[in-house]
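K.L.:
Here it is, the structure in full.
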Amino acid sequence: MEVDGNENTILKGFMKYIHEVYKIGEMIRQIRGDRKRRSIKLHTAVYMLLMAFAFRASSLNEIKLWTEESNSRFKHLFKKGMRLPKVDALRDIVKMIHTEDVEKMFDSVVDKLPENKVLRENTIHGLRVAA
């Protein structure tokens, strides 16, 4: 899953959009979790899981492959030198996250959709179609 220049520009635009419009970064920092070892920041792991969801990762093993590839699209989303969690740490974090915080984040994004005209009249069953 290598990144070309055009795809990298699209990813940066997507990241800028979700941060400015939906305030994803602020919402992620509000998520709490009951973890004993805190060597990896919780918001880094949650952000990583959100990006895996956006890229439609089929499993945690696919996320592992993305983080290990040297020219992966995943690597370009994080600062150089940032310590990314391993798959076992992600699995543990998912178990420990407070689901109420995730639900609040989800509700906030869903509430913002009509304001941004994501749900328009020219949709099929409320879904946007691109050709």
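The values are calculated or read from the model by the stated rules, or taken from the named source; none is laboratory data. Since we're looking at a predicted model, the values are computed, not measured. Every residue, glycine as well, gets a Cβ built from its backbone with ideal geometry; the counts of neighbours run over all protein chains shown.
K.L.:
If you scan segment 26-55, which residues turn out to be surrounded by fewer than 16 Cβ atoms within 10 Å (Cβ to Cβ) and either in contact with a strand residue (DSSP E or B) (Cβ under 7 Å, 6 or more places away or on another chain) or free of Cβ contacts under 8 Å to residues at least 12 places away in the same chain (or both)?
P.N.:
26, 36, 37, 38, 41, 53
K.L.:
Then there is this: Taking only segment 98-131 into account, find how many residues are of a type in the set (A, V, I, L, M) and at pLDDT 90 or above.
P.N.:
Within segment 98-131, the subset of a type in the set (A, V, I, L, M) is 102, 105, 109-110, 113, 118-119, 124, 127, 129-131.
If we keep only those that are at pLDDT 90 or above as well, we get none.
Here the count works out to 0.
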